[in-house]
1. Calculated from DSSP H runs of 4 or more alone, at -39500 (n - 2.57) each and per residue, what is the 222 nm mean residue ellipticity of the chain, nearest 500?
2. What is the diffusion coefficient of segment 1-44 in µm²/s, taking the Kirkwood radius over Cα pairs and the Stokes-Einstein relation at 4 °C with a viscosity of 1.567 mPa s?
3. For the chain, what does the relative contact order come out to in percent, with C-alpha contacts under 8 Å and a separation of six or more?
4. Any idea what the dipole of the chain comes to, in debye rounded to 20, about its Cα centre with Lys/Arg Cβ at +1 and Asp/Glu Cβ at -1?
5. Nearest 0.05, what FRET efficiency do L49 and E74 give at R0 = 25 Å with Cβ-Cβ as r?
Amino acid sequence: MIPIYYRYTAIFTYEQDGIHVVFPDLPGCITFGKDENEAVRMAREVLALHLYGMEQDGDEIPQPSPMRVLAEQEELQSNEIFML
């Protein structure tokens, strides 16, 4: 059964050219925004499209890692934050 919604943690990296977004649980699910509003909007869009593509291809969708587990695995730099 396909869940009604998914909730994955994203890492937002603030750079001079904008904000880069990656989803550690979903390799290849990345995006970018010029500012926070655009980065959040683009993150929602790329996550939805990535998961939709996985569903359509019959790929197994991984369970989201708890944020505390990701925090232990990922060594965040001073210009990075976690966001759900």
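A short reminder: the numbers here are calculations on the coordinates, not readings from a lab. Treat the numbers as computed from the prediction; the structure is a model and nothing was measured. In this analysis, Cβ positions are derived from the backbone assuming ideal geometry, glycine residues included, and neighbour counts consider all displayed protein chains.
1. My calculation for the chain gives -11000 deg cm²/dmol from helical runs alone.
2. It comes out at roughly 117 µm²/s.
3. 34 percent
4. Values: 5 positive and 15 negative charges, 57 e Å.
Rounded to the nearest 20 debye, it is 280 debye.
5. Between L49 and E74 the formula returns 0.60.
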